[in-house]
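A.B. asks: Got a structure here, written out as structure tokens. Questions coming.
The values are calculated or read from the model by the stated rules, or taken from the named source; none is laboratory data. The shown structure was predicted, so the numbers you read here are calculated from the model rather than taken from an experiment. Note that we place each Cβ from the backbone using ideal geometry, even for glycine, and neighbour counts take in every protein chain shown. With ligands, DNA and RNA removed, areas are computed over all heavy atoms of the protein, side chains included. Shrake-Rupley method; radii C 1.70, N 1.55, O 1.52, S 1.80 Å.
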Amino acid sequence: MTPGKLKMSGMILFLLGLLTGLSIMLFKNPRMGLAAHLKAILNGIFLVVAGIIWDEIKISASLKMFCLVSLLYGTYANWLFTLLSAIWGTSKMTPLSGSGYSGSNIQESIISAGLITVALTMIFS
């Protein structure tokens, strides 16, 4: 992926964040909707910055590809799982923003697994 495509991926995520912000009050948990909005905006900016410095990163091609996949998964999944949490009203992994809400066991498990994978991939990235 070229730096330009990485920057465009960031702008798409930024746009998704703007659209999420327009729909905050439609979610079961609007506070988590706000969190999803902010995560998409900030992660979109992060991808744009990563695209700007991409050619300056001096690592092997295979590690660079793994890093790229980690960046894309981590940033988009972060928005997606937070958005799902807002829609479903889960709170196990987000007790501050999810206070007073709860999802089904399967919904809580999906969000927990998703947010754990996001944390691991973003730390690697």
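A.B. asks: Cβ-Cβ below 6 Å, separation at least six or inter-chain, first residue in segment 67-96 and within 12 Å of Leu13 (Cβ to Cβ), second in a loop (DSSP other than H, G, I, E, B): which pairs?
C.D. replies: Qualifying pairs under 6 Å: Leu71/Ser125; Gly74/Ser125.
A.B. asks: Given the criteria within 13 Å of the chain's Cα centre (by Cα) and within 16 Å of Ser97 (Cα to Cα), does Ala40 qualify? Outline the logic, then answer.
C.D. replies: On the way: within 13 Å of the chain's Cα centre (by Cα): yes; within 16 Å of Ser97 (Cα to Cα): no.
Taking the combined requirement at face value, the residue does not satisfy it.
A.B. asks: I'd like to check something: does segment 75-89 contain any residue that is closer than 25 Å to Ala113 by Cα and at pLDDT below 95?
C.D. replies: Yes, the conditions are met somewhere in segment 75-89.
A.B. asks: Let me ask you something else. Just to be sure I understand, how many residues within segment 102-113 are in a helix (DSSP H, G or I), in contact (Cβ under 8 Å) with a residue 12 or more places away in the chain and open to solvent by 40 Å² or more (accessible area, probe 1.4 Å)? It would help to see each step written out before you state the result.
C.D. replies: Pass one, segment 102-113, residues in a helix (DSSP H, G or I): 105-113.
Next, only the ones that are in contact (Cβ under 8 Å) with a residue 12 or more places away in the chain stay: 107-108, 110-112.
Now drop any that are not open to solvent by 40 Å² or more (accessible area, probe 1.4 Å), which leaves 107, 110.
Number satisfying all stated conditions: 2.
A.B. asks: Check off (1) modelled with pLDDT of 95 or more; (2) farther than 20 Å from Thr117 by Cα for Tyr101 and give me the number that stays unchecked.
C.D. replies: (1)
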